[in-house]
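First up is the structure itself, then whatever we jot down about it.
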Amino acid sequence: GWSSNSKYPFLGALRSAAQMISYEVSIGFIIVNVCICVGSFNLSQIVLSQQNVWFLVPLFPMFVLFAISMLAETNRHPFDLPEAEAELVSGYNVEYSAMTFALFFLGEYANMLLMSSFISILFLGG
């Protein structure tokens, strides 16, 4: 947004950054809530503390909030605000081609893999 010397991509980048930061805050609070229930920030301890019952059962509202925040963090539908539906092109990544386009989407899908592993560790017993 900044390098194109136009105010509209810059405003779109600011909107996208504000969306990402807002959902990262809720994910952080949910992770802290799970860590308080366990008493440790260690991921192995979180998995071991779910031997009897998964945290999905007692912390079901946190699971739902984490799933919604996960969708928003990874820009999945219905939170894909940076890409407008009326645009014929792909929006913010129209300037990328070949390897930079592949690396851009590799980063997005790596983020989805990371968030899926977090939801598995925090709520589904690892």
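The values are calculated or read from the model by the stated rules, or taken from the named source; none is laboratory data. Keep in mind that what you see is a predicted model, and the values were worked out from it rather than measured. Cβ atoms come from the backbone with ideal geometry, glycine included; neighbour counts cover every protein chain shown. The protein model used for the area step is the full one, side chains on, heavy atoms only, and it has no ligands, DNA or RNA in it. Shrake-Rupley method; radii C 1.70, N 1.55, O 1.52, S 1.80 Å.
Mind checking which pairs have a first residue in region 101-126 that is under 26 Å from residue 59 (Cα atoms) and a second that is part of a helix (DSSP H, G or I) and not hydrophobic (A, V, I, L, M, F, W, C), Cβ under 8 Å, 6 or more apart or different chains?
Here the result reads 111/73; 115/73; 126/120, each pair linking region 101-126 to a residue that is part of a helix (DSSP H, G or I) and not hydrophobic (A, V, I, L, M, F, W, C).
Give the residue that is farthest from the chain's Cα centre (by Cα), with candidates limited to residues of region 44-80 that are assigned to a helix (DSSP H, G or I) and farther than 28 Å from residue 17 by Cα.
The qualifying residue farthest from the chain's Cα centre (by Cα) is 48.
Give the number of residues within region 91-126 that are modelled with pLDDT under 80 and acidic (Asp, Glu).
Residues meeting the conditions: 1.
Pairs, please: C-beta under 8 Å, at least 6 apart or cross-chain, first residue within 22 Å of residue 67 (Cα to Cα) and assigned to a helix (DSSP H, G or I) and in region 8-25, second open to solvent by 60 Å² or more (accessible area, probe 1.4 Å) and among the hydrophobic types (A, V, I, L, M, F, W, C)?
What qualifies is 15/81; 16/81; 19/81.
Which of the residues that make up region 26-43 are open to solvent by less than 80 Å² (accessible area, probe 1.4 Å) and either touching a residue at least 60 places away in the same chain (Cβ under 8 Å) or under 14 Å from the mean Cα position of the chain (by Cα) (or both)?
Within region 26-43, 26, 27, 28, 30, 31, 34, 43 meet the criteria.
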